[in-house]
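Asks: Just passing along the structure, written as structure tokens.
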Amino acid sequence: MFKWANFFVREEVERDILSPNGQIKCHFSLNGGKISYAVFKNDKPILSPSKLGFLICGEEPLGENLKLIRSEHRKHTEDIELPWGEDRYIPNNYTETAFYLAEKRPPNRIFTLRFRVFDNGVAFRYEIPPQPKFSQITIKDELTEFNVDLNSIAWHIPAYQPDRYEYNYEKTTVYDLAHPVHTPLTVRTPNGYYLSIHEAALYNYGSMTIKLNPRQALQSDITPLSDFTKAHVLLPFQTPWRLIMVASSAIELTTNRLIYALNDPPEQDFSWVKTLKFIGIWWAMYVGEWTWAPGERHGATTDHAKEYIDAAVRLGISGLLIEGWNEGWEGNWLENGIHNKFTITTSDFDLPAVTRYAKSKNIEIVGHHETVGFIDNYESQLEAAYNYYAANNIHYIKTGYAGSMMLINGRREYHHSQLGVNHYQKTVELAAKKHICLDIHEPIKGTGIERTWPNLLSREGARGQEYEGGAISPSHACFLPYTRLLSGGMDYTPGILDLTNSVKRMSTTLARQLAYFVTIYSGMQMAADRPYIYEDRFPKEFEFIRTVPTNFSKTLPLAGEIGEYYIVARRDHDSRDWYLGGITNESSRRVYIRLDFLDDGVYAADLYCDSDDAHYRENPFGISITHKKVGRSDTLDLYLAPGGGFAIRLQRL
Ligand code: NOJ
């Protein structure tokens with residue numbers, strides 16, 4: 001590994017940092033005491049000079065009157081192996097330069113700016129060491145800019161809204177960004193590059209949203225605390241990595257895995273973590289057959305749980321989620337979250353009996369904690385609640401944080417504030433201690449910490465299928481691979497085959513529900529409909545849901561455009577089988593897939609495609625299921641109906 005250090009104090013600096021293949025360039029400058037950076041791909045500008053620095057409460061701004069004390073440069077080459085996910089191996093190859101900066105005048109504070117330049121992106125973070133009279137700081141604002149051309153197109157969801165990340169994507173020019181938006185923020189520059197502005201390794205800090213600042217540059221807007229500051233931190237402190245993923249096409253962007261490369265490897269043994277497919281006492285509540293709250297239609301009863309365990313066995317599914325089992329979930333539950341008890345069951349639900357039965361049938365129970373954002377209430381029971389589940393042989397928990405704000409220390413805080421971030425982290429770490437995996441709904445967005453905490457198997461964090469019945473259109477899931485899914489897997493609750501239910505009508509075809517198991521990765525993947533729908537009405541379609549893996553060794557993005565369509569192939573982690581999925585928006589389309597990524601040999605192909613007359617509104621059940629033998633010299637010719645899709649299993653014979 002090549003490394004050099006430069007010890008000459010400099011007041012003016014212009015320095016290029018080139019990615020390993022030389023295509024991405026980050027230009028750092030120190031000029032008139034101020035620092036900035038710019039990014040280029042193939043010498044074409046991606047980010048124009050962008051300012052850096054902080055406002056700190058009770059102190060001078062940090063980022064002015066600077067000189068460079070020294071810099072350090074190194075190269076790093078590594079392949080990371082992840083235990084589960086979309087790709088088993090992730091390249092972590094970069095050129096790193098750390099700039100050690102100091103103020104030229106009192107208070108002479110120091111900090112480091114560390115850049116990593118990859119072939120598919122640029123990341124940097126601020127590192128502030130402890131120093132005399134500067135050991136504890138309150139960040140008033142972070143002034144990091146991402147200065148893209150104002151004519152760029154951006155795909156975004158609004159920040160600081162009551163439904164957190166659960167909004168439909170909008171497409172505007174950057175110039176027209178009227179309000180702060182969440183990251184990952186996907187952008188297409190006028191010179192044709194695709195970027196995603198995001199962050200990695202978000203710990204102990206407010207989550208970064210992005211806004212247009214008065215000089216019309218995109219700038220970090222850190223989610224505030226209720227005291228209007230952004231974070232209270234003890235030094236040493238490092239910010240999350242500020243990350244700009246870069247690609248030449250929208251489809252290339254979808255497999256950018258830099259968030260994982262920028263996180264640390266785990267420090268403890270996680271060999272016990274296993275991905276999971278599960279059904280749930282769940283959708284029956286959404287369509288009004290059962291209720292979360294106790295009463296004559298209560299879903300989480302001992303009898304229902306045992307029936308669903310038997311169904312899971314018959315269906316060949318390994319897990320069962322049970323929601324609404326605990327005391328306190330009654331009346332106006334969004335207001336009543338303070339009453340939720342996480343170790344006391346309703347009188348019609350015998351948790352130990354259910355988990356004993358599940359164990360005897362080899363079914364994993366997925367426990368559920370709906371906190372409704374009442375964090376004080378939840379944290380006061382946290383240790384006991386996780387112990388209770390662990391003692392009852394429960395290794396998976398779905399958590400929920402419904403409600404527009406959290407209640408922390410008696411104050412209303414944003415889910416995505418420093419205190420919210422720290423709460424989610426506390427649950428992940430406690431769960432790891434108890435050998436429990438999490439699927440967090442209403443989560444903090446993914447920033448790759450699953451690399452360090454692989455027991456965090458999934459999150460929601462966007463509109464999922466519970467918004468069907470009017471609030472999402474077929475284009476929604478076609479935005480996700482290019483936006484939300486750049487922050488990691490998602491529990492989209494796929495596999496709802498009762499498409500024309502009068503309470504929740506789906507905006508998809510049947511084949512598309514199967515496609516979701518491939519197009520939307522989740523380490524905990526739910527087959528979300530009721531078991532009788534699978535067994536009585538769609539046993540042939542369910543065969544795909546039963547066999548599709550929840551862990552893949554390789555993902556090949558094949559074709560797509562943001563909000564229009566997405567076609568992907570994934571190789572099973574544990575075999576030579578491949579799974580293909582495709583989805584389209586309201587427009588039908590035909591795609592041709594060359595199978596040249598397969599190994600030599602013959603594959604048995606099971607194809608679940610839209611029929612020629614399928615249509616998400618007119619004929620959602622129109623499906624054509626065919627079987628044939630294929631090899632790597634074949635090309636598949638596939639039709640996707642409006643709001644449709646396809647799912648294909650290629651089993652190596
Ligand atoms: C919203 C979650 O997304 C959903 O999955 C859950 O069932 C409800 N909250 C109740 O917790």
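Asks: If I filter the stretch 483-519 down to residues being polar (S, T, N, Q) and assigned to a loop (DSSP other than H, G, I, E, B), which single residue comes out as surrounded by the most Cβ atoms within 10 Å (Cβ to Cβ)?
Replies: Of the residues in the stretch 483-519, the ones polar (S, T, N, Q) are 483, 487, 493, 500-502, 507-509, 513, 519.
With assigned to a loop (DSSP other than H, G, I, E, B) added as a condition, the list becomes 483, 493, 500-502, 507-509.
Values: Thr483: 23, Thr493: 25, Thr500: 10, Asn501: 19, Ser502: 8, Ser507: 23, Thr508: 27, Thr509: 32.
The qualifying residue surrounded by the most Cβ atoms within 10 Å (Cβ to Cβ) is Thr509.
Asks: A follow-up question, please. Out of the stretch 138-174, which residues are surrounded by fewer than 18 Cβ atoms within 10 Å (Cβ to Cβ), hydroxyl-bearing (Ser, Thr, Tyr) and touching a Ser or Thr at 6+ places or on another chain (Cβ under 6 Å)?
Replies: Of everything in the stretch 138-174, just one residue is surrounded by fewer than 18 Cβ atoms within 10 Å (Cβ to Cβ), hydroxyl-bearing (Ser, Thr, Tyr) and touching a Ser or Thr at 6+ places or on another chain (Cβ under 6 Å), namely Thr138.
Asks: Also: May I ask you to verify whether His395 is touching a Cys at 6+ places or on another chain (Cβ under 8 Å), at pLDDT 95 or above and surrounded by fewer than 23 Cβ atoms within 10 Å (Cβ to Cβ)? Give the steps one after another, and end with the answer.
Replies: Working: touching a Cys at 6+ places or on another chain (Cβ under 8 Å): yes; at pLDDT 95 or above: yes; surrounded by fewer than 23 Cβ atoms within 10 Å (Cβ to Cβ): yes.
Here the answer is yes, as His395 does meet what is asked.
Asks: A further question follows. Do we have any residue at all in the stretch 395-406 that's away from the ligand (no atom under 16 Å from the Cβ), β-branched (Val, Ile, Thr) and at negative phi? Break it down stepwise before answering.
Replies: First pass over the stretch 395-406, keeping only residues away from the ligand (no atom under 16 Å from the Cβ): 395.
This time we only want the ones that are β-branched (Val, Ile, Thr), so: none.
Checked against the condition, which is being away from the ligand (no atom under 16 Å from the Cβ), β-branched (Val, Ile, Thr) and at negative phi, the stretch 395-406 yields no hits at all.
Asks: Given the stretch 49-151, what strands (runs of 3 or more DSSP E) lie entirely inside it while holding 2 or more residues that are among the hydroxyl-bearing types (Ser, Thr, Tyr)?
Replies: Working: elements: 54-56, 66-76, 79-81, 89-91, 94-103, 110-118, 121-128, 136-142.
Ranges flagged: 94-103.
Asks: Please go through the stretch 342-380 and pick out each residue that is under 22 Å from Leu457 (Cβ atoms), within 16 Å of the ligand (Cβ to nearest atom) and part of a helix (DSSP H, G or I).
Replies: Ile375, Tyr378
Asks: Let me ask something else about it. Can you pull out every residue in the stretch 115-153 that is of a type in the set (D, E, K, R), in contact (Cβ under 8 Å) with a residue 40 or more places away in the chain and farther than 19 Å from Leu253 by Cβ? Outline the logic, then answer.
Replies: Taking the stretch 115-153 and keeping what is of a type in the set (D, E, K, R), we get 116, 119, 125, 127, 133, 140-142, 145, 149.
Next, from what is left, pick out any that are in contact (Cβ under 8 Å) with a residue 40 or more places away in the chain: 116, 119, 125, 127, 140-142, 145, 149.
Passing the criteria: Arg125, Glu127, Lys140, Asp141, Glu142, Glu145.
Asks: Which of the numbered conditions does Gly448 fail, given that it passes all the others? Conditions: (1) more than 16 Å from the ligand (Cβ to nearest atom); (2) at negative phi.
Replies: Among (1) more than 16 Å from the ligand (Cβ to nearest atom); (2) at negative phi, the lone unmet condition for Gly448 is (2).
Asks: Working only within the stretch 323-341, note down all residues that are part of a loop (DSSP other than H, G, I, E, B), within 29 Å of the chain's Cα centre (by Cα) and not aliphatic (A, V, I, L, M). Show your work before the answer.
Replies: Residues of the stretch 323-341 that are part of a loop (DSSP other than H, G, I, E, B), as a first pass: 323-325, 327-336, 340-341.
Going one step further and asking which of them are within 29 Å of the chain's Cα centre (by Cα), we end up with 323-325, 329, 333-336, 340-341.
Result: Glu323, Gly324, Trp325, Trp329, Trp333, Glu335, Asn336, Asn340, Lys341.
Asks: Among the listed residues Lys41, Lys51, Lys75, Lys34, identify the single one that is more than 23 Å from Ser152 (Cβ to Cβ), basic (Lys, Arg) and in contact with a strand residue (DSSP E or B) (Cβ under 6 Å, 6 or more places away or on another chain). Walk me through how you get there before you give the answer.
Replies: Values: Lys41 fails: more than 23 Å from Ser152 (Cβ to Cβ); Lys51 fails: more than 23 Å from Ser152 (Cβ to Cβ); Lys34 fails: in contact with a strand residue (DSSP E or B) (Cβ under 6 Å, 6 or more places away or on another chain).
Going through Lys41, Lys51, Lys75, Lys34 in turn, the sole match is Lys75.
Asks: Follow-up question, since we're still on this one. Listed residues Glu429, Glu450, Glu466; which is modelled with pLDDT of 95 or more and under 24 Å from Glu413 (Cα atoms)? Break it down into steps so the answer makes sense when it comes.
Replies: Numbers: Glu450 fails: under 24 Å from Glu413 (Cα atoms); Glu466 fails: under 24 Å from Glu413 (Cα atoms).
After ruling out the rest, the residue left standing is Glu429.
Asks: Only one of (1) surrounded by fewer than 17 Cβ atoms within 10 Å (Cβ to Cβ); (2) out of contact with any Asp or Glu (no Cβ under 6 Å at 6 or more places or on another chain); (3) of a type outside the set (Lys, Arg) is not met by Tyr89, so which one is it?
Replies: (2) is the only condition that Tyr89 fails.
Asks: Shifting gears a bit: From the list Glu335, Glu330, Glu383, pick out the single residue that is touching a helix residue (DSSP H, G or I) at 6+ places or on another chain (Cβ under 8 Å), modelled with pLDDT under 95 and either acidic (Asp, Glu) or within 15 Å of the ligand (Cβ to nearest atom) (or both).
Replies: Values: Glu335 fails: touching a helix residue (DSSP H, G or I) at 6+ places or on another chain (Cβ under 8 Å); Glu383 fails: modelled with pLDDT under 95.
Every option except Glu330 fails the conditions.
Asks: Mind listing whichever residues of the stretch 381-404 are in a strand (DSSP E or B) and not hydrophobic (A, V, I, L, M, F, W, C)? It would help to see each step written out before you state the result.
Replies: So the first thing to find is which residues in the stretch 381-404 are in a strand (DSSP E or B), and the list is 396-400.
Once the filter is applied, which keeps residues that are in a strand (DSSP E or B) and not hydrophobic (A, V, I, L, M, F, W, C), the stretch 381-404 yields Tyr396, Lys398, Thr399, Gly400.
Asks: Here's something else I'd like to know. Determine which single condition Asn168 fails, assuming it passes every other condition in (1) part of a loop (DSSP other than H, G, I, E, B); (2) closer than 20 Å to Pro49 by Cα; (3) in contact with a helix residue (DSSP H, G or I) (Cβ under 9 Å, 6 or more places away or on another chain).
Replies: Every listed condition holds for Asn168 apart from (2).
Asks: Restricting the search to the stretch 288-301, which residues are surrounded by fewer than 17 Cβ atoms within 10 Å (Cβ to Cβ) and of a type outside the set (Asp, Glu)? Quick ask: steps written out before the conclusion?
Replies: We begin by selecting, within the stretch 288-301, every residue surrounded by fewer than 17 Cβ atoms within 10 Å (Cβ to Cβ); these are 288-289, 295-297.
Scanning the stretch 288-301 gives Gly288, Gly295, Arg297.
Asks: Consider Lys433 carefully, then state whether it is over 15 Å from Thr371 (Cβ atoms) and basic (Lys, Arg). Spell out how you get there, then give the answer.
Replies: On the way: over 15 Å from Thr371 (Cβ atoms): yes; basic (Lys, Arg): yes.
Here the answer is yes, as Lys433 does meet what is asked.
Asks: Scanning for something over 29 Å from Ala200 (Cα atoms) and within 16 Å of the ligand (Cβ to nearest atom), does the stretch 475-486 turn up at least one residue? Spell out the reasoning first.
Replies: Going residue by residue through the stretch 475-486, those that are over 29 Å from Ala200 (Cα atoms) are none.
Checking the stretch 475-486: not a single residue is over 29 Å from Ala200 (Cα atoms) and within 16 Å of the ligand (Cβ to nearest atom).
Asks: Could you name every one of the strands (runs of 3 or more DSSP E) located completely within the stretch 215-300 that has at least 2 residues being more than 30 Å from Glu468 (Cα to Cα) and more than 16 Å from the ligand (Cβ to nearest atom)? So that I can check it myself, show each step before the final result.
Replies: Values: elements: 218-222, 231-234, 241-247, 276-281.
The strands (runs of 3 or more DSSP E) meeting that bar are 218-222, 231-234, 241-247.
Asks: Could you list all residues from the stretch 457-468 that are without any contact (Cβ under 8 Å) to a residue 40 or more places away in the chain and either more than 14 Å from the ligand (Cβ to nearest atom) or touching a helix residue (DSSP H, G or I) at 6+ places or on another chain (Cβ under 6 Å) (or both)?
Replies: Those that are without any contact (Cβ under 8 Å) to a residue 40 or more places away in the chain and either more than 14 Å from the ligand (Cβ to nearest atom) or touching a helix residue (DSSP H, G or I) at 6+ places or on another chain (Cβ under 6 Å) (or both): none in the stretch 457-468.
Asks: Only residues in the stretch 337-366 that are within 19 Å of Ala311 (Cβ to Cβ) and outside the structural domain of Asn393 (by TED's automatic domain parsing) count as the first member; pair them with residues that are in a helix (DSSP H, G or I) and among the β-branched types (Val, Ile, Thr), Cβ under 7 angstrom, at least 6 apart or cross-chain, and list the lot.
Replies: Matching pairs, first to second residue: none at all.
Asks: Taking the conditions exactly as written (at pLDDT below 95 and either surrounded by 12 or more Cβ atoms within 10 Å (Cβ to Cβ) or outside any strand (DSSP E or B) (or both)), does Phe28 satisfy them or not?
Replies: On the way: at pLDDT below 95: no; either surrounded by 12 or more Cβ atoms within 10 Å (Cβ to Cβ) or outside any strand (DSSP E or B) (or both): yes.
When the stated conditions are applied, Phe28 does not pass them.
Asks: Collect the residues in the stretch 255-267 that are surrounded by fewer than 24 Cβ atoms within 10 Å (Cβ to Cβ) and β-branched (Val, Ile, Thr), keeping them in residue-number order.
Replies: Passing the criteria: only Thr255.
The values are calculated or read from the model by the stated rules, or taken from the named source; none is laboratory data. Nothing here was measured: the structure is a model prediction, and the numbers come from that model. Quick reminder, even Gly has a Cβ in these numbers, built from the backbone with ideal geometry, and neighbours come from all protein chains shown.
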